[in-house]
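Visitor: First, the structure itself, so that you have it in front of you.
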Amino acid sequence: MDLKQKVIDRLNNLTKPVRSLGYLEDIALKMALIQNKEIPELFNDKRVYVFASDHGVVENGVSAYPKDVTYQMVFNFLNGGAAINVFSRHVGAKVYVVDAGVDYDFQDNHSLIKMKVGYGTKDFTKGPAMSREEAEKCIELGKKIAREAIKEGADLLAVGDMGIGNTTTASAIAVAFGYNIDDIIDIGTPLDSEGIKRKREAVLRAIEVNRPDPNDPIDVLSKVGGYCIGEMAGFILEAAHSKVPVVIDGFPTTSAFLISYYLDKDVINYVFSGHKSYVKGHKVILDSLNLRPILDLDMRLGEGTGAVLSMPLIEAAIKMIREMATFDSANVSKGIDQNLEDVK
């Protein structure tokens, strides 16, 4: 009997009706397969890495906030005052901030990882956001960050994103991979109808000017991506390669997941979607990949907040399979024969 069937059999023999704990059972099964253990272990070192960078497309008026908010929010993260800090303290996760390409030079900080590729991408409505070499560097730096985290003992990772203009960049990546722009384009920060129109036009111009190749994820990243997106993609790839689960957050982190997925489709077996963002394009992408979000709270903040808030439910799923009694151990009658096929 293979491992998957052993886990399914255990789930079906816990003291509950088959499938009565729904998606929690799927999470427990996925964690067992990731860890290659019939009864998965709980986590010792939960971390979220918030990747920050600036996006040249902000020159087109696609955000309600000025570019300076990117570096100002990095300071907020480092000072422990942002939502991601509050939620991470609540769930017992460590917060690290990655300077992937902020247009600012930060002093050293124990929570700051300096992996700057450049001081913000170029305006991709006029040409490529970055060179192919920079795109490849982003991937490698993201891998390096994940390797270091895992070497230090991290066993549950999450990614978050910060950068004014990031949802425009994420939209351009999605459209480059073939998603319909009208299914994708939406507000990140509060925008009026004219702002949405500018955002849509910027994405369409970027696709027309750059002609990103959907069969070449590095080409997509270089032409319409961002430094933070590329480093997150590399981070996800390395986590999957090392068989460490990684939780993605909202729309920008999912665009990074798209890059990693089209580089290696096996990564989906190691990724959890922490939540469904209120940004409408997020659901479109998740549904297309059959990647079910754990939470749906109408959030669209970013920073990794939805990813971190989902961590206790992932832990609850593991505790379920570890600690619940089986029908045999509890001397409880199973009653009607249960259909094992009900478990995915």
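Visitor: If I build a Gaussian network model for the chain, linking alpha-carbon pairs within less than 10 angstrom, which residue out of LEU258, LEU78, LEU21 has the largest mean-square fluctuation?
Guide: LEU21
Visitor: Can you give me the orientation-averaged projected area of the convex hull built on the Cα atoms of the chain, in nm²?
Guide: Value for the chain: 17.3 nm².
Visitor: Is the shape of the range 270-313 best called rounded, prolate or oblate, per the rule: a/c under 1.5 gives rounded, else a/b larger than b/c gives prolate, else oblate, with a ≥ b ≥ c the square roots of the Cα gyration tensor eigenvalues?
Guide: On the way: a/c = 1.97, a/b = 1.16, b/c = 1.70.
Verdict is oblate for the range 270-313.
Visitor: Here's something else I'd like to know. Near the amide H of LEU295, under 5 Å away, which other amide H atoms are found, from residues 5 or more places off or on another chain, if H is placed in the peptide plane?
Guide: The list, which skips near neighbours in sequence, is HIS275, LYS276.
Visitor: Which of the chymotrypsin sites (Phe, Trp or Tyr not before Pro) across the range 94-157 are loop residues per DSSP, with 14 or fewer other Cβ within 10 Å? Mind showing how you got there, number by number?
Guide: Numbers: sites: TYR96, TYR104, PHE106, TYR119, PHE124; in loops: TYR104, PHE106, TYR119, PHE124.
The qualifying sites are TYR119.
Visitor: Across 5 Å bins from the origin, how do the percents of Cα pairs in the range 227-267 run, short distances first?
Guide: 6, 30, 37, 23, 5
Visitor: Explain nothing, just the number: relative contact order of the range 46-313, from Cα pairs under 8 Å at least 6 residues apart, as a whole percent.
Guide: Once normalised by length, the contact order is 26 percent.
Visitor: Can you give me the P(r) profile for the range 181-307? Cα pairs, bins 10 angstrom wide beginning at 0, each as a whole percent.
Guide: 13, 42, 37, 8, 0
Visitor: Whose amide H sits under 5 Å from the amide H of ILE113, counting only residues 5 or more places off or on another chain, with H placed in the peptide plane?
Guide: Placed amide hydrogens put VAL97, VAL98, ASP99 under 5 Å from ILE113.
Visitor: Okay, moving on. Could you pull out the GluC sites (Glu not before Pro) across the range 3-59 that fall in loop regions by DSSP (anything but H, G, I, E, B) with no more than 16 other Cβ atoms inside 10 Å?
Guide: Loop-located and lightly packed - GLU38, GLU41.
Read the figures in this text as sums done on the coordinates, not as results from a lab. Here the structure is a predicted model, which is why all the values come from computation and not from measurement. Reconstructed Cβ throughout: ideal geometry from the backbone, glycine too, with neighbour counts over all protein chains shown.
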